[in-house]
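Please treat every number below as a calculation from the coordinates, not as lab data. Please read all numbers here as calculations on a predicted model, not as lab measurements. Positions of Cβ are generated from backbone atoms using ideal geometry, with glycine treated the same way; all protein chains shown enter the neighbour counts.
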Amino acid sequence: MNRDLSLNNKGLINSEFFYQREITREVSVGDCVVGGLNPIRIQSMTTTVTQDIQGTTNQVERLVEAGCEIVRVTAPSLRDAEALFEIRRELKKRRVNVPLVADIHFTPNAALKAAEAVEKVRVNPGNYADKKRFEVREYTETAYLEELERAAERFRPLVIRLKALGRALRIGTNHGSLSDRILNRFGDTPLGMVKSALEFLDVCESESFYSVIFSMKASNPQVAVHAYRLLAKHLSEREPEKPRYPFHVGVTEAGGGTEGRVKSSIGIGALLEDSLGETIRVSLTEDPVREIPVAQTLARRFEGRAAGGFKHSLTSVSYVDDRHRYKRRPTLVHTKPLKLGGSEDVRVELCVGHISNLPSTFLEDIQNAEAATELHVESLLVDVDREGVPALCDLRKSLAREFSGIALAARVESGLVKTVLEVSDRVVIQVFSADDFNLIDQIKNFLIDGKCLEIELIHREGELFDLGFLKSLNEKYHAQIMISISSDFPVQATRMLSSCLKSLGLFLPIILRQDSETPESFESRLISTSSNLGSLLCDGIGDCISVGGFSTPEENIGVAYRVLQGARRRTSWTEFISCPSCGRTLFDLEEVTERVREKTSHLSGLKIAIMGCVVNGPGEMADADFGYVGSGFGKVNLYVGQNCVIRNIPELEAPDRLVDLIKERGRWIDASQDG
Ligand code: SF4
């Protein structure tokens with residue numbers, strides 16, 4: 001029975017299953033208005049030394065030409081803050097009109113100066129006014145409140161200055177750089193991040209200053225997603241009737257290349273699915289100009305997107321237990337032919353379309369792909385019609401001969417199920433309406449031990465049919481049934497599916513499929529694939545992902561594994577956490593990251609942070625196992641966790657010393673031993 005979804009206090013449909021744009025407060029950043037009905041604003045940050053006026057102005061100009069609407073510049077010292085006046089003058093001379101943001105850490109005097117030169121100031125509540133000594137101590141209530149009061153009084157003059165000048169403020173909290181006070185009370189958690197931000201909001205509101213934008217960044221997209229959602233919840237509880245403050249959304253220290261694009265698309269995409277994000281920044285360890293097309297592609301996916309999904313709910317249960325904390329959706333484990341579900345790794349399926357499209361070199365190609373990248377195709381999905389059955393039989397034989405570990409799945413019409421089940425491990429049946437359930441009733445008689453049936457629901461009109469029929473099927477065949485859904489709103493539809501299964505007490509594994517044939521560039525497909533799959537993976541949904549649509553099997557497989565790693569659901573490589581660099585950076589971060597990567601990329605499961613400066617790096621590298629942090633020009637500090645163990649070594653020696661350190665700590669394996 002459908003349950004009509006109510007409207008919330010802001011007039012929005014109260015639903016996790018319906019996409020709609022939330023209209024927030026508007027905040028003016030110079031001429032650029034963020035929030036309200038305005039487009040999602042694109043922003044970035046310069047990587048030049050701020051006092052290099054020409055270099056910084058040139059980079060700002062290139063960013064604006066690429067489509068950047070707000071540009072952030074670091075102001076680590078008073079002299080940098082003063083340089084912002086000159087940059088502004090130089091931009092004016094060149095007729096470049098763009099709002100600037102001063103990025104402040106630790107230096108209230110620089111913030112007060114910068115506020116005069118730029119349209120917005122970003123502060124990090126973890127280090128603007130609080131102590132940061134990584135101390136572990138018990139705070140009594142009185143000691144906590146006294147320290148909070150001191151922090152508020154250090155921050156208040158900036159709020160008063162911003163208000164008088166008509167400037168905006170970003171309260172930019174980062175996972176990993178929370179104050180000792182917050183860390184000791186709430187831990188390095190999304191809740192700690194939210195509490196830290198709201199303490200600063202209290203000061204702003206006590207001065208009747210409302211030009212506030214929030215960010216809650218983390219290098220782990222799961223943490224970022226949960227922190228932003230939790231902040232939205234707290235803001236809504238604080239002022240249920242009022243539109244919320246706009247959010248600046250991004251994943252920090254995402255790295256570069258495919259990895260950085262995937263991580264950013266997962267975190268930003270997941271939040272935009274919930275309409276959280278009025279301005280976005282994609283942080284890449286690359287020339288910042290290359291961030292802009294990625295951010296534009298992400299924003300375009302949601303700009304002008306019609307509201308859609310489900311206006312009704314089939315259940316009264318949420319699709320996950322808690323939207324503010326990661327927990328994998330519980331499922332039963334399928335043991336044949338592939339271990340899937342439960343706490344097993346999320347499996348990777350390669351989707352190749354119609355079997356006749358298989359190139360003659362296909363098996364060789366996947367063999368080469370696996371040999372070259374050590375990524376494994378665990379399941380292969382082909383579409384098969386009557387004419388394709390002989391080719392399927394041949395494929396089965398070849399797979400049995402050379403790729404015995406690969407499960408073979410075939411998507412077929414109902415009439416072919418019996419034939420195809422004999423030569424494949426799983427049949428996929430598409431279900432378009434409730435009438436098709438009769439077919440499934442007949443098909444189940446063909447199920448034999450060790451073979452699976454996947455029911456792929458085709459969601460077309462905002463309604464999902466009653467899945468009660470699965471209950472009887474599940475009683476007898478529970479270890480053989482899995483389910484997937486295809487929809488124009490894949491995130492909302494899969495959430496509804498998860499919710500329905502939960503209400504029926506069914507623990508069927510869910511396969512997430514992304515195999516659109518619409519022509520798209522590699523980057524654009526990478527972004528949509530990461531965003532759609534990553535949103536659900538961050539919620540703990542998905543036991544197998546099936547990726548198609550890229551031009552080669554290698555690309556399909558590589559992207560699938562990248563998405564799993566980005567969502568922290570399955571690790572195949574070393575996890576690199578590298579900052580995008582800024583005016584504080586003390587070396588060529590892109591080049592150094594590459595040098596470190598060359599030596600260590602085979603250490604699957606290890607997290608290595610490469611950070612440009614010692615001021616913010618150690619705090620922001622959060623959960624890294626080892627850290628490589630610039631400590632002065634040409635000098636590097638090495639960290640184990642958050643402890644600095646080697647100081648000021650020459651930059652040229654540093655990558656080798658890092659390898660030695662990893663060996664000393666027993667975390668090294670030779671490349672040949674890996675995998
Ligand atoms: S860690 Fe990197 S991006 Fe952050 S302040 Fe330091 S150099 Fe800049």
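When segment 575-670 is described by a simple charge dipole with +1 on each Lys and Arg Cβ and -1 on each Asp and Glu Cβ, the residue from Thr600, Gly641, Thr585 located farthest towards its positive end is Gly641.
In order along segment 349-364, the phi-based Karplus estimate (6.51 cos²θ - 1.76 cosθ + 1.60, θ = phi - 60°) of 3J(HN,Hα) comes to 10, 9, 10, 10, x, 5, 4, 5, 7, 5, x, 4, 8, 4, 5, 5 Hz; Gly and Pro are listed as x.
Have a look at Tyr245, Thr140, Ser177 and report the one farthest towards the positive end of the charge dipole of segment 140-260, computed about the Cα centre with Cβ charges (Lys/Arg +1, Asp/Glu -1). It is Tyr245, whose Cα lies furthest towards the positive end. Summary of packing: across the peptides 89-98, 500-509, the per-residue average of other C-beta atoms within 10 Å ranks them, highest first, as 500-509, 89-98.
Shape class for segment 215-344, computed from the alpha carbon gyration tensor (a ≥ b ≥ c): oblate, with a/c not under 1.5 and a/b at or below b/c. Taking the fewest neighbouring Cβ atoms within 10 Å as the starting point, the ordered list for Val73, Val384 is Val384, Val73. The amide H of Lys607, built 1.01 Å from its N in the peptide plane, has Glu575, Asp625, Phe626 as neighbours under 5 Å, considering only residues 5 or more places off or on other chains. In order along segment 318-329, the Karplus-derived 3J(HN,Hα) couplings, from 6.51 cos²θ - 1.76 cosθ + 1.60 at θ = phi - 60°, round to 6, 6, 9, 5, 8, 7, 10, 8, 7, 8, 6, 4 Hz, and Gly and Pro are given as x. Against the compact-protein benchmark of 2.2 N^0.38 Å, the Cα-based radius of gyration of segment 317-566 scales to 0.96.
Angle of helix 291-302 to the longest C-alpha principal axis of the chain, folded into 0 to 90 degrees and rounded to 10: 60°. Could you pull out every residue, at least 5 positions away or on a different chain, whose amide H is within less than 5 Å of the one on Thr24? Hs are placed 1.01 Å off N in the peptide plane, and Pro or chain starts have none. Those lying under 5 Å, H to H, from Thr24 are Gly36. Among Pro650, Val491, Val121, which residue has its Cα positioned farthest towards the positive end of the charge dipole of the chain, with +1 placed on the Cβ of Lys and Arg, -1 on the Cβ of Asp and Glu, and the dipole taken about the Cα centre? About the Cα centre, the residue reaching furthest to the positive side is Val121. First check a/c for segment 82-205, with a ≥ b ≥ c the square roots of the eigenvalues of its C-alpha gyration tensor; if it is under 1.5, answer rounded, and if not, answer prolate when a/b is larger than b/c or oblate otherwise. It is prolate, given that a/c is not under 1.5 and a/b is the larger ratio. Under a model in which nothing but the beta-carbon of Lys, Arg (+1) and Asp, Glu (-1) is charged, segment 445-599 shows a dipole of about 580 debye around its Cα centre. When you count the other C-beta atoms within 10 angstrom of each residue and take the mean per peptide, 555-568, 261-274 line up highest first as 261-274, 555-568. The spacing between segment 253-295 and segment 39-86, judged by their C-alpha centroids, is 19 Å.
How big is the dipole moment of the chain about its Cα centre under a simple scheme where the beta carbon of each Lys and Arg is +1, that of each Asp and Glu is -1, and everything else is neutral? Debye, nearest 20, please. My answer is approximately 1600 debye. With helices as the sole contributors, the chain gives -12000 deg cm²/dmol at 222 nm; each DSSP H run of n ≥ 4 counts as -39500 (n - 2.57), and the sum is divided by every residue. The charge dipole of segment 317-566, taken about its Cα centre with unit charges on the Cβ of Lys, Arg, Asp and Glu (plus for the first two, minus for the last two), comes to roughly 840 debye. Set the bar at 22 Å for Cα to Cα. Now go through Lys242/Lys502; Lys195/Lys607; Lys444/Lys471; Lys471/Lys502; Lys120/Lys163 and name every pair that lies beyond it. Cα-Cα > 22 Å for Lys242/Lys502; Lys195/Lys607; rest within. Taking only Cα atoms, what is the 0 to 90° angle, nearest 10, from helix 141-165's long axis to the longest principal axis of the chain? In the chain, helix 141-165 runs at an angle near 80 degrees to the longest axis. Reported value for the chain: 156 Å³ per residue, from the convex hull of its C-alpha atoms.
For the pair segment 476-544 and segment 156-190, the centres of their Cα atoms are 36 angstrom apart.
For the peptides 574-582, 220-228, the ranking by packing is 220-228, 574-582, with the highest mean count of neighbouring Cβ atoms within 10 Å listed first. In the chain, the longest principal axis of the Cα atoms and the axis of helix 257-273 are about 90 degrees apart.
The string of couplings for segment 44-54 from the Karplus curve (6.51, -1.76, 1.60, θ = phi - 60°) is 8, 9, 6, 10, 7, 6, 4, 6, 7, 4, 5 Hz, one whole number per residue in order, with x for Gly and Pro.
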